[in-house]
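All remarks here apply to the structure that follows.
The values are calculated or read from the model by the stated rules, or taken from the named source; none is laboratory data. As the structure is a prediction and not an experimental result, all values here were calculated from the model. As a convention, Cβ positions derive from the backbone with ideal geometry for all residues, glycine included, and neighbour counts pool all protein chains shown. We work out accessible area using only protein heavy atoms, side chains counted, and drop any ligands, DNA or RNA first. Shrake-Rupley method; radii C 1.70, N 1.55, O 1.52, S 1.80 Å.
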Amino acid sequence: MICFSCKKSFDTLYILIRHFKLQHGFKTNSNYTCLEGLCSQSFTNLSSFKRHIHIKHGIATVVDTPDHKRSIPHFEKQTNAVISQALDNESISCSNTESNTSIEDLNEHQNLEQYLTSITKFSANFTLSLHNKNNFAKKDVFFIQEMVTECLLKPIIDLINAILSKKITHYPKYDFDLHELLERLKNPFQFCNTDYKLNMWLYKNNLAGDVLQYTIDNRVIPTFRQGEAVYAEKKVCGIKMPLTFQMKKIFSEHNNLQKTLDCISNIKCSNDNTITSFIQGKLWPEKVKHVSNDAVAIPYFLYADDFEVNNPLGSHCSPITALYYSFPIFFNNSKLENIFLAGLIESAHVKSFGNNECLKTLVDEIIILERDGITINLSGKDIKVYFMLGLVLGDNLGLNSLLDFAKSFSSNYYCRFCKMHKKQCQVACKEDPALMRKPEQYDLNFKSSIENLEYGVQQKSIFNNIPSFHVTTNFAVDIMHDLFEGICHYNLCHIINYYINKLKIFNLEQLNQRKQLINYGRYDVGNISQPINAVHLQNQRLKMSASEMMTFLHYFTFIIGEFVPHQDPVWDFLLDFLQIVDILLAHSISDERIALLRVLIQKNLSSYVSLFKDTLKPKHHFLLHYPMIIKNSGPPRQYWCFRFESKHRELKTYAHVINSRVNLPLSIAKKYELKFAHLFLHSSTTEQVSIIFDKSPSKSNYLDFIYQTLDKDTILCYSEICYKGFVYRTDDFFSSYCGNVVLEQIKEFVSDTNTNKVYIICKELEVNYNAHYDAYMVMGEKDLKIMNINSLSGPPLTCCQLADGKSYVRLKEYFS
């Protein structure tokens, strides 16, 4: 085959066509001339030229036809294998890649553009993976790109070129493709090696939206420039993330919308009287009553809190107010990557200019999302989805400030749920429905500003502009701050003081010694708090974080229970409080449990006042509203602040890495934009539960029992697995509920390779409930049984052996 342009000769038509395209830049609509034999016919496009060659001269386009088989050199096989592996890896790491073309198909069509696109995506994956690291600044990423290119890729590619120039001179077919590929590999980051280029690539591939820097205040102030006093403009700005773009991206990718709709459908199909989700409460039906039945409404929570990026005790402390949002019906919604950034504002600006000025831009977009919705394609059909603000979350001070209630808990009307006077709050052990705040009364009271200030309302909240939202129906509390950073400290300090100073059954040294030596298990051992001293008890504030307090309370009956006499009134007070905490920590709560919770809270608060001769604190008063709040908003652990507080760590880590403090909120927002792009380029936000076998298969000790149920040729046995983020090992304990509480001890894990299911070989324990410790005493083992891996929920339980030689287990899931 002869090229009509340069008169070079080629072995096959296929190589000739590649030569036309790569060497001369001919297109499909270019003019071509046939020089085969004595033929000199011309054609106006490539298709006519190929058809002429096939019919007139009987030459096929494809090289490796049955009539033209040839042996593929070893190097060529390796090249195909490398490219094939690269394409396979791309389909795993790049979630937006839809092509599953095999390497044989690619070789047939020689799609060089697909090869080059793959290199681009690999480079983007690598770059965004670096940007996703919280301790990497942008300059660090670009430096790594430069070093990889200059010190690694270019020398390797030059070496490969030197080898290929001697090895494949007889195979020009691969010379064209490999030359282009290797040239691209010399600098694979050329499209993203600057901030501007990377942003343009993200926008082009629909992985980033526009971060809005909006003006809060704009004024002219005197200043000095070059030694002269002049007047200059000073802008005060806030940052708002592109919520519309983010939400559309979240639910357009990875079939997330369908998974969410299925989750909503499953929750609505539940016929029992148990509340497991926010949408089962009374509040959500009220919000969506104006939404048509054929429309889709999805709730989300908005969280606001301050975090400090500099030394909080230094002269340059500058707290930033961060606003996050999450979806309560998302699968794995507690993962930090499924908590999304909504905006950033310097806290000083919020204090200076108020919520109305600082939050107006964000609230306007929230209104648009609820009123107009977003059109999302689902299985080829466009669906209008309305995103509705379910709850505004935060700690008590944060919520009162954000919703424009009283910012001081010493004020006469500090409660955002009712209008009870603070003196009455100090002794009230029962919720008064007549004093509850209501939307109509709230709006009516604004006719008299004095009356509003009297009842703890600072100004009309901008959040009331949202059609389905009102601050008086924002039924949100946080058990992290109310219980584990509040009531637990008051109660335990009084209890410890009672037993040390009044009954004198142990001293502080014994308490600290037993607190340190108790068996916490491998998960709770990291939450052991510091020793308690007398000052902590006097100030009613133990030096513990919320997670440390949760652990201390869980094991408290084991620590001092052996010293306490039976039927002690203070111990009964503690056991009632433990039952309250267990109910509040439950993943699902029935109507009967809510009624029980109301009775327990009233009894516990009354006992607190009578036993310790102390007044109730504001967090005690908030506890009165919990049963009502659960009925409206669902289990409290679904909207506690633990995970949102952890989200701060990502932003604080990055703020400590960069040196600039000029417009720090914008720098953090740009970083999060890259993390958001990485999330959707790599994985699904609602990925399925993964089961990871942390060790190699082991020899089973229960083969005879396993073979009674499973096929011996398809099973593998393991001693350790990771399921839902928790590591389970043999001899661990877990609980289940089948009409009554059942404790199980894990013996082995079995994987059925035929059905891809995982089972637990376990033994049910013979237990007896001990009311004094609020725990189950282990008395022996029963027969072996096999259970599905879905029976596991939460971390493994810890078995504690006390001084009497008996072993006890406290549950971490409330059943009855």
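When restricted to residues that are open to solvent by 40 Å² or more (accessible area, probe 1.4 Å) and either within 30 Å of residue 731 (Cα to Cα) or touching a Ser or Thr at 6+ places or on another chain (Cβ under 9 Å) (or both), region 533-546 contains 2.
As a summary of the residue check, residue 615 satisfies the conditions (1) modelled with pLDDT of 95 or more; (2) open to solvent by 50 Å² or more (accessible area, probe 1.4 Å); (3) part of a helix (DSSP H, G or I) except for the one numbered (3). Just one of the listed residues (309, 291) is of a type in the set (A, V, I, L, M) and in contact with a helix residue (DSSP H, G or I) (Cβ under 6 Å, 6 or more places away or on another chain), namely 309. Being aromatic (Phe, Trp, Tyr), within 16 Å of the chain's Cα centre (by Cα) and in a helix (DSSP H, G or I): is that true of residue 608 here? The answer is no for residue 608.
A count restricted to region 695-723 and to residues that are surrounded by fewer than 17 Cβ atoms within 10 Å (Cβ to Cβ), in contact with a Leu (Cβ under 7 Å, 6 or more places away or on another chain) and under 27 Å from residue 523 (Cα atoms) stands at 1.
For first residues located in region 353-365 and charged (D, E, K, R), partners that are surrounded by 20 or more Cβ atoms within 10 Å (Cβ to Cβ) and lie 6+ apart or on another chain with Cβ distances below 6 Å form the pairs 357/216; 365/243.
For region 552-572, the set of residues classified as open to solvent by 10 Å² or more (accessible area, probe 1.4 Å) and in a helix (DSSP H, G or I) consists of 554, 569, 572, listed by residue number.
Pairs are defined by a Cβ separation below 8 Å, a sequence spacing of at least 6 or placement on different chains, a first member in region 625-649 that is over 16 Å from residue 338 (Cβ atoms) and not assigned by the TED database to the domain that holds residue 273, and a second member that is assigned to a helix (DSSP H, G or I) and polar (S, T, N, Q); the pairs so defined are 632/473; 634/280. Of a type outside the set (D, E, K, R), on the phi > 0 side of the Ramachandran plot and not assigned by the TED database to the domain that holds residue 398: is that true of residue 513 in this structure? When the stated conditions are applied, residue 513 does not pass them.
The residue list 575, 584 contains one member that is open to solvent by less than 10 Å² (accessible area, probe 1.4 Å) and either on the phi < 0 side of the Ramachandran plot or of a type in the set (S, T, N, Q) (or both), which is 584.
Residues of region 189-217 that are assigned to a loop (DSSP other than H, G, I, E, B) and either in contact with a Leu (Cβ under 7 Å, 6 or more places away or on another chain) or hydrophobic (A, V, I, L, M, F, W, C) (or both): 189, 191, 192, 207, 208, 211.
The condition of being modelled with pLDDT under 95, open to solvent by less than 90 Å² (accessible area, probe 1.4 Å), in a strand (DSSP E or B) and of a type outside the set (D, E, K, R) holds for only one of 220, 236, that being 236. For residue 787, are the conditions met, namely being open to solvent by 40 Å² or more (accessible area, probe 1.4 Å), among the aliphatic types (A, V, I, L, M), in a strand (DSSP E or B) and touching a strand residue (DSSP E or B) at 6+ places or on another chain (Cβ under 6 Å)? The answer is no for residue 787.
Scanning region 1-38 for residues that are farther than 27 Å from residue 178 by Cβ and open to solvent by less than 30 Å² (accessible area, probe 1.4 Å) yields a single hit, 34. Against the conditions (1) assigned to a helix (DSSP H, G or I); (2) exposed (fewer than 12 other Cβ atoms within 10 Å of the Cβ), residue 294 satisfies every one except (1). Just one of the numbered conditions (1) surrounded by fewer than 19 Cβ atoms within 10 Å (Cβ to Cβ); (2) in a loop (DSSP other than H, G, I, E, B) is not true of residue 329: (1). A single entry from 435, 397 fulfils the requirement of being surrounded by fewer than 21 Cβ atoms within 10 Å (Cβ to Cβ), within 30 Å of residue 604 (Cβ to Cβ), without any contact (Cβ under 8 Å) to a residue 40 or more places away in the chain and assigned by the TED database to the domain that holds residue 320: 397. Do we find that residue 192 is within 30 Å of the chain's Cα centre (by Cα) and under 30 Å from residue 160 (Cα atoms) in this structure? Here the answer is yes, as residue 192 does meet what is asked.
Among the residues of region 438-454, the ones that are surrounded by 17 or more Cβ atoms within 10 Å (Cβ to Cβ), modelled with pLDDT of 65 or more and under 22 Å from residue 625 (Cα atoms) come to 1 in all. Number of residues in region 176-213 that are at pLDDT 90 or above and open to solvent by less than 20 Å² (accessible area, probe 1.4 Å): the value is 8. Residue check: residue 404 meets all listed conditions (1) free of Cβ contacts under 8 Å to residues at least 60 places away in the same chain; (2) under 37 Å from the mean Cα position of the chain (by Cα) but one, namely (1).
The single condition among (1) closer than 21 Å to residue 241 by Cα; (2) open to solvent by 10 Å² or more (accessible area, probe 1.4 Å); (3) modelled with pLDDT of 95 or more that residue 387 does not satisfy is (2).
Taking residues in region 148-176 that are of a type in the set (Val, Ile, Thr), and partners anywhere that are part of a helix (DSSP H, G or I) and modelled with pLDDT of 80 or more, the pairs with Cβ atoms closer than 7 Å and at least 6 places apart or on different chains are 157/182; 157/185; 157/186; 160/182.
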